[in-house]
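The values are calculated or read from the model by the stated rules, or taken from the named source; none is laboratory data. Model, not experiment: these values are computed from the prediction. Neighbour counts are summed over all protein chains in view; Cβ atoms, including those assigned to glycine, are modelled from backbone coordinates with ideal geometry. Note: accessible area is taken over every heavy atom of the protein model, side chains too, but ligands, DNA and RNA are not part of it. Shrake-Rupley method; radii C 1.70, N 1.55, O 1.52, S 1.80 Å.
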Amino acid sequence: MNLSFRGIWVCLVVTLLGALWLGEVRTSAEAGNEPAYDIVIRNGRIVDGGGNAWFWGDVGIRGGRIVRIGRLEEATAQRIIDAAGRVVAPGFVDVHMHVEGGIEERPAADNLVADGVTSIVTGNCGGSEVKLGEWFGQLKQTGLGVNLASLIGHNAVRRHVMGTENRAPTAEELARMEALVAQAMEEGAVGLSTGLIYVPGTYAETDEIVALARVAARYGGLYATHMRNEGDKVIAAVEEAIRIGREARLPVEISHMKVTNKLFWGASAQMLEQVEQARAQGLDVTMDQYPYTASSTRLDILLPSWALAGGREELRRRLADPSERRQIADEMFAELRKVQGYKHLDYAVVARASWDSSRDGKNIRQINREWKRKDNLKQEIQTVLDLMDKGGAQMIYHRMDEKDVVRILGHPLTMLGRDGGVPAFGTGKPHPRSYGASARILGRYVREKKVVRLEEAIRKMTALPAQRFGFADRGLLRAGFWAD
Ligand SMILES: [Zn+2]
């Protein structure tokens with residue numbers, strides 16, 4: 001990992017009631033005597049990140065690293081934190097972030113730090129900076145509130161070389177993409193990511209991804225994938241992810257594992273079996289998840305991908321052409337009504353439409369009615385197309401089943417990946433995951449629903465993701481590890 005920005009370091013203290021930061025309790029640096037530690041955290045229940053049972057202990061920290069864990073009642077420190085009644089755990093590691101375009105403006109990343117997160121992996125779902133070295137350099141200059149690593153995104157690389165063209169790359173184009181992946185890996189990328197529902201990644205055949213994943217594999221990277229389908233074809237999509245891992249010989253991380261088509265709710269059981277079978281055959285597959293039944297992504301995913309080729313102006317041209325518009329609407333109707341079983345688009349809520357904030361927080365069915373259209377799916381599809389014509393929107397889609405969320409969360413191979421960013425506070429009606437995913441795991445799924453033990457939940461947010469992405473000295477409370 002070349003990329004560990006040391007920003008504000010923190011030692012995480014979580015209460016059994018939820019995550020919160022403790023302020024300074026007292027200073028014990030006595031005149032004349034050099035204190036033994038910079039910080040001692042006393043009287044907490046230690047959950048070390050490895051999944052082991054909690055134990056009572058104190059943590060001594062010097063120079064940003066954990067020096068000792070044990071009984072330190074007599075030790076002197078510049079600062080002593082009394083953690084009585086609370087849990088002391090490693091800083092959380094979130095492996096599925098999208099901070100590009102947010103963290104540059106808000107480098108303190110308060111929303112993450114307040115939710116206990118101290119290290120992140122960004123560049124997911126195929127979307128990353130292409131020139132990672134330059135970007136890391138800029139971030140280093142600013143300094144960040146969290147440690148940051150990035151994947152190199154397939155969509156970013158493909159767009160850089162081929163635009164949004166709906167075709168296979170030429171040999172020369174593929175070679176250029178491979179060179180960009182190699183460069184990013186040399187500059188510190190932790191692997192290759194794909195977003196196979198998004199333009200232009202959706203136009204890629206499996207072989208193209210295998211070729212690029214092989215380059216990441218040469219540098220010890222992994223393959224993280226927003227799969228080609230999370231609904232009716234999700235089983236085939238898991239199969240494709242595993243095949244890429246097998247053929248390119250690298251570990252696979254299935255991103256935000258879920259089932260989004262209500263007709264296929266329950267498929268998570270089979271997906272988890274696929275993962276376990278792959279592991280039994282020696283393929284290293286794991287997954288991440290955000291603990292919600294709503295997803296968040298763009299409005300354009302409701303359109304057939306061919307309609308998005310060539311960019312925004314091309315789309316507007318197609319929407320203005322009556323026969324092309326009809327074809328787009330017909331395909332959407334077939335998908336939404338027949339494949340996904342929806343009668344209305346009330347599950348689809350606008351999080352943010354940059355061109356008109358009065359839509360924020362309303363669902364498509366409501367907007368359709370406000371526009372005095374008939375209350376049916378066909379008209380709601382026309383409303384989506386009009387919204388796309390005006391500039392699209394960031395959306396929230398309520399389309400998962402709690403049972404799938406719980407089943408995936410309870411699996412030992414699942415780690416935290418909130419799929420959020422560093423949003424400007426107070427803008428739009430965003431998905432809450434950017435602010436509260438860790439607190440929700442601890443509050444709703446550990447304390448209330450008892451889906452996982454506290455120690456296991458902490459492991460999913462610390463040691464497991466740290467090991468997965470190669471953060472060698474983070475994610476555990478151990479002497480010598482960073483105290484964040
Ligand atoms: Zn994604």
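Regarding region 179-187, can at least one residue be identified that is within 16 Å of the ligand (Cβ to nearest atom) and small (G, A, S)?
No, that holds for no residue.
Against the condition of a type in the set (K, R) and buried (at least 18 other Cβ atoms within 10 Å of the Cβ), how does R373 come out, does it pass?
Spelling it out, it is not the case that R373 is of a type in the set (K, R) and buried (at least 18 other Cβ atoms within 10 Å of the Cβ).
Looking at region 188-208, which of its residues are β-branched (V, I, T) and within 15 Å of the ligand (Cβ to nearest atom)?
Of everything in region 188-208, those that are β-branched (V, I, T) and within 15 Å of the ligand (Cβ to nearest atom) turn out to be T194, I197, V199, T202.
Is it true that H160 is of a type outside the set (G, A, S) and within 16 Å of the ligand (Cβ to nearest atom)?
no
Being open to solvent by 20 Å² or more (accessible area, probe 1.4 Å) and over 19 Å from the mean Cα position of the chain (by Cα) is the filter here; which residues of region 240-261 pass it?
E240, R243, R246, E247, R249
Filter region 59-100 down to residues that are acidic (D, E) and more than 26 Å from T286 (Cβ to Cβ) and give me whichever is modelled with the highest pLDDT.
D82
Would you call A237 away from the ligand (no atom under 16 Å from the Cβ), open to solvent by less than 40 Å² (accessible area, probe 1.4 Å) and aliphatic (A, V, I, L, M)?
No.
Report the residue count in region 307-322 for those that are open to solvent by 70 Å² or more (accessible area, probe 1.4 Å), at pLDDT 95 or above and of a type outside the set (A, V, I, L, M).
3
Among (1) open to solvent by 20 Å² or more (accessible area, probe 1.4 Å); (2) away from the ligand (no atom under 16 Å from the Cβ), which single condition is A216 missing?
Going through (1) open to solvent by 20 Å² or more (accessible area, probe 1.4 Å); (2) away from the ligand (no atom under 16 Å from the Cβ) one by one, A216 breaks only (1).
Note down all Cβ pairs under 6 Å where the first residue falls in region 411-429 and is farther than 8 Å from Y290 by Cβ, the second is open to solvent by 10 Å² or more (accessible area, probe 1.4 Å) and assigned to a loop (DSSP other than H, G, I, E, B), and they're at least six residues apart or on different chains.
G421/H98; V422/R106; P423/P430; G428/D360; K429/D360; K429/G361
Restricting attention to region 256-297, which residues are small (G, A, S) and over 10 Å from V238 (Cβ atoms)?
Scanning region 256-297 gives G266, S268, A269, A280, G282, A294, S295, S296.
Give region 241-254 a look and list any residue that's within 14 Å of M271 (Cα to Cα) and in contact (Cβ under 8 Å) with a residue 40 or more places away in the chain, or say none.
Result: A241, I242, E253.
Going through region 78-106 one residue at a time, which ones are hydrophobic (A, V, I, L, M, F, W, C) and either under 30 Å from K140 (Cβ atoms) or under 32 Å from the mean Cα position of the chain (by Cα) (or both)?
Result: I81, A83, V87, V88, A89, F92, V93, V95, M97, V99, I103.
Report whether or not K362 is surrounded by fewer than 16 Cβ atoms within 10 Å (Cβ to Cβ) and either closer than 22 Å to S305 by Cβ or within 28 Å of the chain's Cα centre (by Cα) (or both).
No; evaluated as a whole, the condition is false for this residue.
Applying the selection to region 94-150, what residues are in contact with a Pro (Cβ under 6 Å, 6 or more places away or on another chain) and part of a helix (DSSP H, G or I)?
Within region 94-150, just T142 meets the criteria.
For residues that are surrounded by fewer than 20 Cβ atoms within 10 Å (Cβ to Cβ) and closer than 30 Å to S354 by Cβ, scanning just region 262-295, find the one that is nearest to the ligand (Cβ to nearest atom).
Step by step, filter region 262-295, then rank; the result is A294.
Six or more apart or on different chains, Cβ under 7 Å: which pairs go from a residue in region 63-86 that's over 20 Å from G480 (Cα atoms) to one that's small (G, A, S)? Could you list them?
Filtered contacts from region 63-86: A83/G44; R86/G44.
If I ask for residues that are under 23 Å from D473 (Cα atoms) and touching a Ser or Thr at 6+ places or on another chain (Cβ under 8 Å), which ones from region 78-96 would you list?
Correct list: V87, A89, P90, G91, F92, V93, D94, H96.
In region 424-456, which residues are within 16 Å of the ligand (Cβ to nearest atom) and either in a helix (DSSP H, G or I) or closer than 11 Å to L112 by Cβ (or both)?
The answer is R433, S434, A437.
Which one is nearest to the ligand (Cβ to nearest atom) among residues in region 77-104 that are farther than 19 Å from T462 by Cα and aliphatic (A, V, I, L, M)?
Selected residue: V99.
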